[in-house]
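The structure appears below as structure tokens.
Derivation of every value follows stated rules applied to the coordinates shown; laboratory data play no part. It should be emphasised that the depicted structure is a prediction, and the values quoted were computed from it without experimental measurement. Using ideal geometry, Cβ is built from the backbone for each residue, glycine included, and neighbour counts are taken over all protein chains shown.
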Amino acid sequence: MVRQFSCGDCAFMVRSDDDDELIEFVKQHADDAHGRRVADDDVRAGWEDAPMEADD
């Protein structure tokens with residue numbers, strides 16, 4: 001399942017089919033860009049299922 005997370009404070013968006021990877025990207029973004037710490041459960045609560053796109 002591909003999931004995506006969009007930051008509510010800026011234009012950052014990440015998409016991944018690996019939940020652990022997505023969580024780490026979001027946590028790193030929150031710390032680097034906004035000086036915030038985010039819990040794994042908060043990332044899970046904010047992600048959405050994303051449609052898979054076919055490669056050309």
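Taking springs between alpha-carbon atoms closer than 10 angstrom, which of 40, 17, 32 fluctuates most in the Gaussian network model of the chain?
Its mean-square fluctuation being the largest, the pick is 32.
Taking 10 °C and 1.306 mPa s as the conditions, I'd like the Stokes-Einstein D for the chain in µm²/s, using the Kirkwood hydrodynamic radius from alpha carbon pairs.
On the way: Rh = 11.6 Å.
This corresponds to a translational diffusion coefficient of 137 µm²/s.
Hey, rough spin-label estimate for residue 19 and residue 50, points 7 angstrom out along Cα→Cβ, what's it come to in nanometres?
My value for the distance between the label points is 1.7 nm.
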